[in-house]
Structures are given as C-alpha cells and as structure tokens.
Amino acid sequence: MSGSDMGYVYIARPIGTTGVYKIGATNNLAVRIKRYRVPMEYLACTLFKDYFAAESYFHRMFAKYSFSGEWYAIPDDVINKYIDGVNLLCQAK
C-alpha cells in the first residue's frame, strides 16, 4: 500500500446499538458494509488521500477505548463530538 491510496475512514456501529463502534478503512463503502455479519450503519466517513495512515491516526486517537481490534467502546458524548466535527468539515467543502 502506498502513501497515495485514496479511500475512506469510517465509523460504523451495529444498527440499534450505542457505545460500540468500528473504526475502519475501505476504498468501497457499499461493499464493505455488506461484509459485516450484523447490519451496520455508517455514522461518519471521510475520504483521505492516504486512508491507511488516516485510519492508523484515528485508531491511536481512540486507543484508550479499544476492546477488540478495530472495535471501540466509546462514550456517546465523545463519539458524537467527533462525528459533529467531521460533518461540519464535510459541509464546508
């Protein structure tokens, strides 16, 4: 993987749940969401020039909430502030 791989970093959760989130990366959002064993919904996703580096950054940012690989138990108030910030950035583009 090179430093110029375009793709998305996303935050998703199983539909109907709160507090448990998946932070991942993909270059195809539609295909990725279908691969989960449970129905999932995207809460935030952003396109990055180097999505692998961006995903790594977000994993480090939320590391204290990690409980299993790319799954995180993030308090709702914390994740909602992040999602609100992403949505504001996307609207400004």
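Data overview
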item: Residues satisfying the stated conditions in the stretch 22-50, i.e. loosely packed, with under 15 Cβ neighbours inside 10 Å, of a type outside the set (Ser, Thr, Tyr) and either farther than 17 Å from Val86 by Cβ or in contact with a Gly (Cβ under 6 Å, 6 or more places away or on another chain) (or both); result: Asn27, Asn28, Ala30, Val31, Lys34, Arg35, Arg37, Val38, Pro39
item: Filter pass, Ala53 being open to solvent by less than 70 Å² (accessible area, probe 1.4 Å), out of contact with any strand residue (DSSP E or B) (no Cβ under 6 Å at 6 or more places or on another chain), under 20 Å from Tyr82 (Cα atoms) and touching a residue at least 12 places away in the same chain (Cβ under 8 Å); result: yes
item: Search result, residues across the stretch 1-21 that are charged (D, E, K, R) and surrounded by 19 or more Cβ atoms within 10 Å (Cβ to Cβ); result: Arg13
item: Residue count for the stretch 56-75, restricted to those that are closer than 18 Å to Gly7 by Cα, surrounded by fewer than 15 Cβ atoms within 10 Å (Cβ to Cβ) and aromatic (Phe, Trp, Tyr); result: 1
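The values are calculated or read from the model by the stated rules, or taken from the named source; none is laboratory data. It should be emphasised that the depicted structure is a prediction, and the values quoted were computed from it without experimental measurement. FYI the Cβ positions are ideal-geometry reconstructions off the backbone, even for glycines, and counts take in every protein chain you see. Keep in mind that these areas ignore ligands, DNA and RNA; they rest on the heavy atoms of the full protein, side chains included. Shrake-Rupley method; radii C 1.70, N 1.55, O 1.52, S 1.80 Å.
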